[in-house]
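*Asks:* What follows is a structure written as structure tokens; I'll ask about it next.
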Amino acid sequence: MQSPRTLERVLLVAGTALTLGTSACISVPSTGKLAATSSAISETDLRARLALFAADSMDGRSAGTSGHKRAVRYLVSEVTRLGLSPAGDDGTFLQTFFMRRRQLDPASAIAVNGRILRPTVDFRAISTGRGPIRPVDGAEVIFGGIVGEPSTQISPGQAAGRVVVLGVPLNMNSARAFANVLYGPTSRFADALAVAIASLDYVPVAQRGINASIGLADSTETLANQQPTTLLVSTDAAVALMGMPLRSATAGAKGRTITGRLAVIEEDRPTQNVVALIRGADPELRGQYVVLGAHSDHLPIASRIVDHDSTRAVSIERNRSRLPVAQRTVHHASASGDTERHTPVRLDSIFNGADDDGSGSVALLEIAELMAASHNHQGRSVLFVWHSAEEDIYMGSRWLVAHPPVPTDSMITMVNLDMVGRGGVDDIASGGPRYVEVIGADRRSPALLTLIADVNRRSNVPATLVTSDPGGGFCRSDQWNYARQGIPVAFFTTGSHADYHSVTDEDRYIDYPKLALVTKLVAALTAELASTREQLEPHGKRVVLADFCSG
Ligand SMILES: [Zn+2]
């Protein structure tokens, strides 16, 4: 039977598609009434846009899915309606790239001494590298020592061309089960066919499934199999591979010969960034760009259907326990103290992503509408980017800075909005009606942060700006890929909350006055950035940051 929620979803899908194709207004699924937007930034428009963008009918907008395609279609129909210029591929608003989903083929199986070892039961593939997987048929097994203890391990020469079994230290636990993989065998066993770490027994059963890695499908990439497959195997399977109890195996001890195959399934899925432009009026400055960013994607449909309200009650309690005691507002159980449930169970499996990042996506639309309507375009041009695949480690922004629609050197600043509709007293430490985090704006030079503070001070409803990056957000959204290019960035967010990455992140829990406050602040900042003569970064060549999250 379809869950009532699913039925409702099917109905909504029909409604939305119809509206998007034809009209110049936006349809509000829950009310079904059409609503025209005004050019001013308003809570009403933000609410109406978000009701649509974060509706169940978008299925969570996971990159590469039909739900995300519907979200992209809505964005394109809006920027077209508002009269922005296309800045994507071939004169369109779309910048298409491919995500490569790669996973171990469930039909993979290896055998030793007539015993068949299977995925998820006897082993789990952690990393299958890139390109074709190294064949293990006919390979000899060798005991490589203890994971994480190089002094006990064999030499790279001994490992080359073999399947290496690694034992685990006595104080092994589930937390370390994956850690060892990251810091374990890489270099020393680079020429092994596969590395099998005997730590699967420490992994909770629910996490032994086949997982997929998602990466950018980059046709220019050399596909030679660059590294061994890394497996977590059960102790039982490790004993079968070695043909002896592990405690009596010493480094270099020869095990059995493997037959069978490990294979991978790869699927390339297209997805799109939406890129639109408002060209500046000043011939001198219009070749410089202020980039405004948000991400249009979120998460796939949950594999487990849950009860919405109970899920939320639990996460609210968990989140409350993280708030300073003095800040915790008292939630009164019903006057009678009766904890009986009076509302019907609401089944839920959709990660609506209303705050993450529906809020940023609709804020950008409102700013675009305001700027497009006010015909006195400022000096510089403004590039609006709705990135896809942010939830897949910022793939859309990685693609964009590698295939920039305008030279990255001409991007004077990138302002990113991710989760800008919450930050209330029940959400985050020091949260409140004006709480807004601005992250990274002083990294390149203090000038950008100073300008933001000025613009905020001049606002009718100034925000309480928090610049200390309490949540470590600098490299947790798309601005990171721009910062790596040395572009000054400012990341606006209202921080985490109980509904973060939960099916309960719905438009009904958004703080619309707050969302309007942030949207107006960023609109004023954008107008300032587009016309300022201020030097926002130190002279000289931009420094491209090498590795993740440094700098
Ligand atoms: Zn996000």
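FYI, it's all coordinate maths here, none of it is from the lab. Quantities reported herein were computed from a predicted structural model and do not represent experimental measurements. Positions of Cβ are generated from backbone atoms using ideal geometry, with glycine treated the same way; all protein chains shown enter the neighbour counts.
*Asks:* Which whole-Hz couplings ³J(HN,Hα) result when phi for each residue of the range 497-503 is put into the Karplus expression 6.51 cos²θ - 1.76 cosθ + 1.60, θ = phi - 60°, listed in order with x for Gly and Pro?
*Replies:* Each residue's phi maps through the Karplus curve to give 6, 5, 9, 4, 6, 10, 5 Hz.
*Asks:* Quickly work out the residue 80-to-residue 310 label distance, labels modelled 7 Å from Cα along the C-beta direction, and quote it in nm with one decimal.
*Replies:* About 4.5 nm, to one decimal.
*Asks:* Using a Förster distance of 35 angstrom, determine the FRET efficiency expected from the C-beta separation of residue 281 and residue 500, and round it to 0.05.
*Replies:* It comes to 0.30.
*Asks:* Is the shape of the range 380-478 rounded, prolate or oblate, going by the alpha carbon gyration tensor and its root eigenvalues a ≥ b ≥ c, with a/c under 1.5 for rounded and a/b larger than b/c for prolate?
*Replies:* Oblate is the answer for the range 380-478, as a/c is 1.5 or above yet b/c matches or exceeds a/b.
*Asks:* Pull out the extension gain between residue 206 and residue 409, defined as 0.36 nm times the separation in residues minus the alpha carbon to alpha carbon distance; nm, one decimal.
*Replies:* This chain segment gains 68.4 nm when fully extended.
*Asks:* Follow-up. Say the dipole of the range 414-456 comes from +1 at the beta carbon of Lys and Arg and -1 at that of Asp and Glu; which of 419, 450, 439 then lies farthest toward its positive end?
*Replies:* Comparing the listed Cα positions along the dipole, 450 ranks first.
*Asks:* In nm, to one decimal, how far is the modelled label at residue 259 from the one at residue 90, with both set 7 Å along Cα→Cβ?
*Replies:* Calculated label separation equals 5.1 nm.
*Asks:* R0 = 30 Å: FRET efficiency of residue 442 with residue 302, Cβ-based, nearest 0.05?
*Replies:* 0.20
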